[in-house]
Amino acid sequence: MSRLIQSKLTISKYFNALGIPKSGRSRCFSTESNKIDEPLKVEEAETLNVPPPPADKLLVLGGSGFVGSHICKEAINRGLNVASISRSGKSSVEEPWSNNVQWHQGDLLSGDSWKEALSGVTSIVSCVGGFGSNNYMYKINGTANITAIRAAAEKGVKRFVYVSAADSGVINYLLQGYYDGKRAAETELLVRYPYGHVILRPGFIYGNRRVGNLELPLGVIGSPLEMVLQCAKPLSQVPLVGPLLTPPVNVTAVAKVAVRAAIDPVFPPGIVDVHGLLRYSQQK
């Protein structure tokens, strides 16, 4: 204690010798700048140019076909970045929306060049399918889609929507390759996309369909049947014959649900039958 008192006295004598008043002595022990009494200057922070998050890019497989072209149109109308892969390349539909689609020509069953179109894709809708011999139908409905599903999963595409087909009872046996291929693709989708898959199972899809230079108004038959057969839902459970009573569905309804399923993160994974398609298409 005595040493501390002597030290304070010595320091006090030192300040007296220098002529420093008591009011200014406390500032000599401060570690702060001598400009502490001046207004604080705040420099503006540098603005960082952070790029916006990437926009959703939808790839439609078979986008030049009847159902695919309507899906492309619906997606463009929603402001999405849309691309398509098909064997024919660009759609024959001459409408303004078609100019905003990135058209790619490629065959899912031949080579890997078509995989370049998967770059930057966040979701896929596949409308690939066709009729012919049983062997051909299995390849186009099954093998082609399985190839696309595997490539999309390897590329990290988040969601995959597959336009399949409803059971048609006795017709299943007449078109065995068609339905076997569809179900094989569905199985692959469940394995590769357990939480990011949506399988649409419409029956007969109607709408204005272009075949060459002709436009077939399928709605003349499909629309009345849809209204009648919606009331026959309980009969659809009858084995073999019941599936024949599945109501038709408008192609615009299929397109709306397909695009929504592809881009809506809360759309539940699973199978959507024709009644589900009608229900979802009426929601805003």
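Take LEU278 and decide whether it is modelled with pLDDT under 90, more than 28 Å from ASN81 (Cβ to Cβ) and in contact with a Pro (Cβ under 9 Å, 6 or more places away or on another chain). Can you show your working first?
Details: modelled with pLDDT under 90: yes; more than 28 Å from ASN81 (Cβ to Cβ): yes; in contact with a Pro (Cβ under 9 Å, 6 or more places away or on another chain): yes.
Judged against the criteria, LEU278 is a match.
Right, GLY203: touching a helix residue (DSSP H, G or I) at 6+ places or on another chain (Cβ under 6 Å) and modelled with pLDDT of 95 or more or not?
Judged against the criteria, GLY203 is not a match.
Taking segment 102-116 only, how many residues are touching a residue at least 40 places away in the same chain (Cβ under 8 Å) and not in a helix (DSSP H, G or I)?
Our first condition is that a residue be touching a residue at least 40 places away in the same chain (Cβ under 8 Å); within segment 102-116, this holds for 103, 108, 115.
Filter once more, so that each one left must be not in a helix (DSSP H, G or I): 103, 108.
So the answer is 2.
Does LEU229 qualify as being over 23 Å from the mean Cα position of the chain (by Cα) and modelled with pLDDT under 55? Write out each step before concluding.
Numbers: over 23 Å from the mean Cα position of the chain (by Cα): yes; modelled with pLDDT under 55: yes.
When the stated conditions are applied, LEU229 passes them.
Check ARG150, ARG159, ARG210 and return the single one that is at pLDDT 95 or above, in the same structural domain as ALA75 (by TED's automatic domain parsing) and surrounded by fewer than 17 Cβ atoms within 10 Å (Cβ to Cβ).
After ruling out the rest, the residue left standing is ARG150.
Determine, yes or no, whether VAL121 is surrounded by fewer than 21 Cβ atoms within 10 Å (Cβ to Cβ), closer than 20 Å to ALA258 by Cβ and in contact with a Leu (Cβ under 8 Å, 6 or more places away or on another chain). Full working, then the answer.
Details: surrounded by fewer than 21 Cβ atoms within 10 Å (Cβ to Cβ): yes; closer than 20 Å to ALA258 by Cβ: yes; in contact with a Leu (Cβ under 8 Å, 6 or more places away or on another chain): yes.
So VAL121 passes the test.
With respect to VAL272, determine if the residue is modelled with pLDDT of 85 or more and part of a strand (DSSP E or B).
yes
Checking the condition within 22 Å of ILE71 (Cα to Cα), in contact (Cβ under 8 Å) with a residue 24 or more places away in the chain and either out of contact with any Lys or Arg (no Cβ under 7 Å at 6 or more places or on another chain) or of a type in the set (Phe, Trp, Tyr) (or both), which residue from ALA148, ALA153 passes?
Values: ALA153 fails: either out of contact with any Lys or Arg (no Cβ under 7 Å at 6 or more places or on another chain) or of a type in the set (Phe, Trp, Tyr) (or both).
That would be ALA148, the only listed residue that is within 22 Å of ILE71 (Cα to Cα), in contact (Cβ under 8 Å) with a residue 24 or more places away in the chain and either out of contact with any Lys or Arg (no Cβ under 7 Å at 6 or more places or on another chain) or of a type in the set (Phe, Trp, Tyr) (or both).
How many of the residues making up segment 67-85 are buried (at least 18 other Cβ atoms within 10 Å of the Cβ) and touching a residue at least 40 places away in the same chain (Cβ under 8 Å)?
Step one: list which residues in segment 67-85 are buried (at least 18 other Cβ atoms within 10 Å of the Cβ), which gives 67-76, 80-85.
With touching a residue at least 40 places away in the same chain (Cβ under 8 Å) added as a condition, the list becomes 67-68, 70-71, 73-75, 80.
Count: 8.
In segment 89-101, what residues are within 24 Å of the chain's Cα centre (by Cα) and small (Gly, Ala, Ser)?
Hits for segment 89-101 are GLY89, SER91, SER98.
What single numbered condition from (1) within 23 Å of the chain's Cα centre (by Cα); (2) in a loop (DSSP other than H, G, I, E, B); (3) surrounded by fewer than 16 Cβ atoms within 10 Å (Cβ to Cβ) fails to hold for PHE131?
Failed condition: (1).
The values are calculated or read from the model by the stated rules, or taken from the named source; none is laboratory data. Bear in mind that the values here come from a model prediction, so they are computed numbers and not experimental data. Ideal geometry is used to build each Cβ from the backbone, glycine not excepted, and the neighbour counts take in all protein chains shown.
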